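Heads up, the thing below is written out as structure tokens.
The values are calculated or read from the model by the stated rules, or taken from the named source; none is laboratory data. No experiment lies behind these values; they were computed from the predicted model shown. So basically every Cβ, Gly included, is an ideal-geometry build from the backbone, and we count neighbours across all protein chains shown. To get the accessible areas, we keep the full protein, side chains included, count just its heavy atoms, and leave off ligands, DNA and RNA. Shrake-Rupley method; radii C 1.70, N 1.55, O 1.52, S 1.80 Å.
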Amino acid sequence: MFTNTHTQPRPARAGSGTSVILAVVLIAELMNALDASIVYTALPLIQADTGASSAAMQWIPAAYALTFALGLITGGRLGDLYGRKRVFLAGTAGFTLASLLCGIATGPQLLVAARALQGAGAAVMVPQVLATVAVTFQGPGRARAFGLYGMVMSLGGILGPALGAILTAADIAGLGWQMIFLINLPVGLATLACGIRFLPESRAPRAQRLDLMGVVLSAAAMLLIAYPLTVGGEQHWPTWSLAMLAAGAVVLVAFLLQQRARTARGDSALMALSLFRSRAFAGGLAAQLVVGLMLGVFLLTWVLFMQDGLGLTPWQFAPANIAISVGGMAGAMLASKWAARHLRRIPQAGTLLIVCTLACYQLLISGYGTHLPFAAAAAPMLLIGVGLGAIGAGLSGLTLSRIHNDDAGSAAGLFNTAMQLGTALGLATASLIFFDHAPAGSHGTAVTTAFAGTIWYIIAALTVMWALMFTLPKPARST
């Protein structure tokens, strides 16, 4: 059993030291959030350069997403067991090395393998971000730190495609698409250097050893669920994909029973089941799953609407990406400022703002169709960004605010896993509600009509998310 030496850092006070700690872990989170989406705009160039098949093109983003989802629960617990700083540095080193392999890959096979390694490194690195924030910051400082984390997490996925377009178009040193991966090298090395120097070490004093059977069962369950959700839709849900989903549900139940048995015996379990006794954590986790689902559906179908429906190039609708990014930053800043006083009202208000904006957006699209003016297509993204920023900044803090520091890594791994599974479910849902009406290669009215119909499903998901947020801590009554 581990001793209590260096189990918890001293409570953090506002100052330059804590600012550096926060900057280090948030840069790591930003690298992950960007890399999950930055590759999409570079895929045509990668295919032309490497001669990759359509199947390989699908696996370049999917390999990252799958290994990331598979390792998050284990990655979170590793930090609790062996030290969050140590595990963070190991994950960051692996992520940076894998980024180099991606950048020098000359064929699709090596690129897919390197992307899988990159996702595995991120799965070890990312849970330590939330865990370090949770055990380092207290009081109002913790709320602000969680708010910034939510902002970075949300904006990274939004900015990724735009940054990918900029880097590939710039063709720095003739590297083309390779620069979207090589840019991680200086950032990753700087994060390692600052992490070694500034990050505090912490671990769970009561944790004993890694639950290897739990690792196997959790990874198997995530693979059986995430894989068919990722690729099944594009293959029109063959029998094997449905069988994998059913098997995944069975293995997931087996994993939960195994975790319950270990906890009852007093053994160290991979997942702290006591977390689910908190209504705020369970409800926040469910809401985070729906956030991922909503983003998975909306961002994919909106990009297709702008390109294939309205006929715009990525550069032409870049102002819309900028609008959603600026709105996201504004929403996150407001949420960070008001979170301590208004608690769940912040993400709920952000949800309602998106619902109202999308309803008006749907009416505009239905009325104008492919003739929708660019200003009308881009301007609502500012309000949607504000809503996303408020949700991202508020939800993480409210879900994790009452978690004991011993279980911070496990909680962070579960929180990120919910987002990943939600995104995979969102992509699968998009194949049912969008691509059935606008198959691949469709343009114009078919895409516009499909997107207008998809908006109502997104609004329904947002309504469910808004209701789930009633499980979060409510504002204290003023006296």
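Sorted on the mean count of surrounding Cβ atoms within 10 Å across their residues, most packed first, peptides 131-138, 194-201 read 131-138, 194-201.
Report the extension gain between ALA243 and ALA169 in nm, rounded to one decimal, defined as 0.36 nm multiplied by the number of residues separating them, less their alpha carbon distance.
Details: separation 74, 0.36 × 74 = 26.64 nm, distance 4.24 nm.
Going from the current span to full extension adds 22.4 nm.
Which percent of the accessible heavy-atom area of the chain goes to carbon and sulfur, probe 1.4 angstrom?
Working: 13340 of 19540 Å².
Roughly 68 percent, rounded to a whole number.
What the Cα atoms of the range 45-119 give is an Rg and a Dmax of 14.2, 45 Å. Highest average first, the peptides 236-244, 94-102 ordered by how many other beta carbon atoms sit within 10 Å of their residues are 94-102, 236-244. At q = 0.20, 0.32 Å⁻¹, what is the base-10 log of I(q)/I(0) for the range 107-149 according to the Debye formula with one equal point scatterer per Cα and no solvent? Please give it to two decimals. These q points yield log10 I(q)/I(0) values of -0.65, -0.99. Using a simple spin-label model with pseudo-atoms 7 Å out from Cα toward Cβ, CYS356 and LEU101 lie 5.0 nm apart. Dividing the Cα radius of gyration of the chain by its Kirkwood radius returns 0.95 for Rg/Rh.
On a 1.4 Å probe surface of the protein chains, which of TYR64, TYR368 comes out largest in accessible area, and what is the full order?
Values: TYR64 5, TYR368 120 Å².
Largest accessible area first, the residues go TYR368, TYR64.
Annotation: extensible slack from LEU364 through VAL326 equals 11.4 nm (criterion: 0.36 nm per residue apart, minus Cα-Cα distance). Roughly how many whole Å is it from the C-alpha centroid of the range 437-466 to that of the range 361-425? For the range 437-466 versus the range 361-425, the Cα centre distance is 17 Å.
Skip the ligands, DNA and RNA, and give the accessible area per residue of the chain with a 1.4 Å probe, whole Å².
Working: 19540 Å² over 479 residues.
Using a 1.4 Å probe on heavy atoms only, each residue of the chain averages 41 Å².
I need the semi-axes of the equivalent ellipsoid of the range 236-372: take the C-alpha gyration tensor, multiply each eigenvalue by 5, square-root it, list largest first in whole angstrom.
Numbers: eigenvalues 296, 125, 31 Å².
Values for the range 236-372, descending: 38, 25, 12 Å.
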